[in-house]
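Some notes on the structure that comes next.
The values are calculated or read from the model by the stated rules, or taken from the named source; none is laboratory data. Bear in mind that the values here come from a model prediction, so they are computed numbers and not experimental data. For neighbour counting, all protein chains shown are included, and Cβ atoms are generated from backbone atoms with ideal geometry for every residue, glycine included. We work out accessible area using only protein heavy atoms, side chains counted, and drop any ligands, DNA or RNA first. Shrake-Rupley method; radii C 1.70, N 1.55, O 1.52, S 1.80 Å.
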Amino acid sequence: MAQEFDEEAYSGWKTIKRVSPYLWPKNRIGLRVRVVLAMAALVVAKVATVLTPFFYMKAVDMLAPEGAANDAGWLVGISTVGLVIGYGLMRLAGVGFNQLRDALFARVAQRALRVLARETFEHIHALSLRYHLQRKTGGLSRIIERGVKGVEFLLRFMLFSIGPLILELFLVGIVLVTVFDIRYLGVVSVTIFLYVVFTFKVTEWRVAIRRQQNKADTDANQNAIDSLLNFETVKYFSAEKREAARYDVSMRSYEAAAIKTNYTLGFLNFGQSALITTGLVIVMIMAAIGVQDGTLTVGEFVGVNTYMIQLVMPLNFLGTVYREIRQALVDMGEMFSLLGQPPEIQDKPGAPDLKVSGGEVWFKAVDFSYEENRQILHGLDLRIKPGETVAVVGPSGSGKSTIGRLLFRFYDIETGALLIDGQDVRDITQSSLRAQIGVVPQDTVLFNDTVGYNIAYGKEGASQAEVIKAAKAAQIHEFITSLPEGYDTPVGERGLKLSGGEKQRVGIARTLLKNPPILLLDEATSALDSETEQGILESLRAMGQGRSVITIAHRLSTVVDADKIVVLEKGHVVEQGTHADLLEKDGRYAAMWQRQRSDMAEA
C-alpha cells in the first residue's frame, strides 16, 4: 500500500547526506575539478574580503595628522594612494572571485538538478498503479517542483553562504586578536552566539508555519488542477462559484499562514538588529576608549567598525538563509521520501526478457484481490491460444478489467500463475512484457501534442510513412488530411479536441504501429454510438488478424465473432464457448443477450 510522506523522514543531516553525492559526482573528473576550483575561488574571495578593511584602516592612519609617525607594519613604504588602490583591488578581488566561484560551480549545480529531477521522474513512473491511484497528481507535482528548487537553494546557499560565513568569521577572529586584542573577539563572539541562537530559535518556529503554508499551497494547487481537468463537468452543473469557493478555502488557509510568516519575520528582523546593534555599540565604545588612551589609532577605530559592519551584512542574511535551508530540507525531505517509496512491482534480479513464439496467454488458477477483504478473481482459468480471439464478458464488478491490469503486470497475482508462451510474467522483465502487448482502452487518453505525435508514440523513432500507414489501417488518415494542419494538428489536453470515435481511431493507429503479437481490447467501443462503433469494430477485427486477442466487452454484439466467449461473474468463470454454443445452453450468457436485445429494441 502507498504510504503518506513523512516530512521528518528525510530531514537535517540525512537529507544533506542524501544530496551530497550530487556535489561530488562519480567518474566525472571535470566536474570534480570544477568543485575544487570553486572552493579555491571561495577561499581567495573571503581572504580578499577580510583584507579589504585592513587597507582602509591603514589608509586612514596615513591620512591622520600623526600618520607619518604610525607604523604601518608590513605595509611600510606604501603611499596613501597605494593603500587606497590596494583597498580597491581587494574589493574587486572579493567580488571577482565570488563571481568566478559561481561560474565554476554552475555546471555542477545544474547537472545535479537535472540528474535528480530525472531520477525522481523515472522513479514516479516505476511506482505501481496502486500508488498512483491513491496519490493526487497536483500535490505530487508540487512536491517534485519544491524538492528540486530546494536542492538548488541548498547547493547554492549552504555551500556559498553558510560555509563562507563561517570562514569569514574565523578570519575576522584572527584579525581581531592580532590587530586589536582578545576582548574584541570575546564581545563579537558573544554577540554572534546570541544572534545565531535567537535566529535559529525563531526560524524553527517560522518553519512550522511554513509547513502549514506548504500544505495549504499543495491543497490549493490540487484543487485548481482537479477543477480545470474537470472543466466540462463544472460547466454541466453550473458549479463555477462552488469551485471558486472550494479553491478559496485552501487559499484562505494559505493567507493566514502567510500573514503569520510576515509578522514573525518582522519580529525576527527587529531582534537580530537589536542584538547586532548592541554588539556594535559595545565594540565601538571599547575602540573609542582605546583611541583616547592612545592604544588604538583612528584608523583602527574605523577598522573595527568596518569589520563589524562587514560581519553584520552576512549575519543579517543568516536568518533568511537558515529559514530557507530548513524549508529546503523539508521540501527535499518530501521528495526523497517519494524516492524512498519502493515500487510494488519489481523485476527479479537478472530477469530475462519475454520471448514470444506464438502468443499463448494462460491465466492458470489465478486468485487476486486489490484489498485484503475483497477478492476479485477466484481460481480464474483462462487460456488464449496463439492467434485466437477470446472475449470476456460479465456484469460490472465481475473482474473483467482486472484481467487487463494483471496482463500488463500492474499488479502481481496472489496464487496461481499467468503464463505467456509458458513463461511466468513474474519471472521476466516488465518492459519486455509490455512491449509485446498492445491495448486499445475504453477511453483513449492522448498527449497534449499533435495527432502525428500521438500515433507515432506507438513506436519510438517511427517514420512519417509508418505513421501514415498505421493511420490508414485505422481508417483515420482521410480525416487527418482534411484538417487544416494535417498530422500537425494539436489534439488538446487528453485529446479533448477530438471526438470519442476519432480518439479511438488514433489509439488503434498507435497500437497498430506498435505491432504487438498480443492485443487487449478493453471495452474499446462502449462509449461510442452504433454507427461509429461499426466502423471501429471493422478496424479492430482487421487489427486482430494473426494476433492473440483478449476482448473485454460490455456490449455482447461486439463479440459474437470471437473464437471463444468467457462469462465472468463475481470473479468466477460461469460459462464459456462460442456465441452459438452459449445461446444454445440458454444460461447466463443467453439471459444477458436477451436483455441487451430487449433494451436495444425499446430504445
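Assorted remarks:
- Region 173-186 residues that are surrounded by 17 or more Cβ atoms within 10 Å (Cβ to Cβ), paired with ones that are outside any helix (DSSP H, G or I) (beta carbon under 8 Å, 6 or more apart): PHE180/LEU296
- If you go through region 425-450 and pick out every residue that is touching a strand residue (DSSP E or B) at 6+ places or on another chain (Cβ under 6 Å) and of a type in the set (Gly, Ala, Ser), you end up with 1.
- Residue in region 432-442 that is of a type in the set (Lys, Arg), under 21 Å from VAL366 (Cβ atoms) and within 25 Å of the chain's Cα centre (by Cα) present: yes
- In this structure, GLU372 does not qualify as in contact with a Phe, Trp or Tyr (Cβ under 8 Å, 6 or more places away or on another chain), among the acidic types (Asp, Glu) and open to solvent by 20 Å² or more (accessible area, probe 1.4 Å).
- Count of residues meeting criterion [open to solvent by 70 Å² or more (accessible area, probe 1.4 Å) and among the small types (Gly, Ala, Ser)] in region 243-276: 0
- Leading residue by the ranking (modelled with the lowest pLDDT) among those in region 484-495 that are surrounded by 13 or more Cβ atoms within 10 Å (Cβ to Cβ) and over 10 Å from VAL451 (Cα atoms): ARG494
- Among residues of region 264-275 that are closer than 14 Å to PHE200 by Cβ and modelled with pLDDT under 85, those with a Cβ under 9 angstrom from a residue that is surrounded by 14 or more Cβ atoms within 10 Å (Cβ to Cβ) and of a type in the set (D, E, K, R), sequence gap 6+ or separate chain, pair up as THR264/ARG206; LEU268/ARG206; LEU268/ARG323.
- Residues being over 16 Å from ASP367 (Cβ atoms) and either surrounded by fewer than 17 Cβ atoms within 10 Å (Cβ to Cβ) or in contact with a Gly (Cβ under 7 Å, 6 or more places away or on another chain) (or both) - total across region 382-400: 9
The rows are residues; the columns are (1) under 19 Å from SER337 (Cβ atoms); (2) open to solvent by less than 40 Å² (accessible area, probe 1.4 Å).
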position: LEU83; (1), (2): no, yes
position: VAL95; (1), (2): no, no
position: GLN99; (1), (2): no, no
position: ARG107; (1), (2): no, no
position: VAL115; (1), (2): yes, no
position: PHE121; (1), (2): yes, no
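- The residue list SER227, SER189 contains one member that is without any contact (Cβ under 8 Å) to a residue 24 or more places away in the chain, open to solvent by 50 Å² or more (accessible area, probe 1.4 Å), in contact with a helix residue (DSSP H, G or I) (Cβ under 8 Å, 6 or more places away or on another chain) and of a type in the set (S, T, N, Q), which is SER189.
- The single condition from (1) without any contact (Cβ under 8 Å) to a residue 24 or more places away in the chain; (2) loosely packed, with under 14 Cβ neighbours inside 10 Å that GLY577 fails is (2).
- When region 576-603 is filtered for residues that are modelled with pLDDT under 90 and assigned to a strand (DSSP E or B), nothing remains.
- Of the strands (runs of 3 or more DSSP E) entirely within region 362-421, those holding at least 2 residues that are more than 20 Å from LEU433 (Cα to Cα) and more than 33 Å from the chain's Cα centre (by Cα) occupy 374-384, 389-393.
- Residue match in region 409-424 (condition: over 28 Å from LEU537 (Cβ atoms), acidic (Asp, Glu), touching a strand residue (DSSP E or B) at 6+ places or on another chain (Cβ under 6 Å) and open to solvent by 40 Å² or more (accessible area, probe 1.4 Å)): yes
- Among the candidates VAL356, VAL312, VAL366, VAL298, residue that is open to solvent by less than 40 Å² (accessible area, probe 1.4 Å) and either over 30 Å from ASN262 (Cα atoms) or in contact (Cβ under 8 Å) with a residue 40 or more places away in the chain (or both): VAL366
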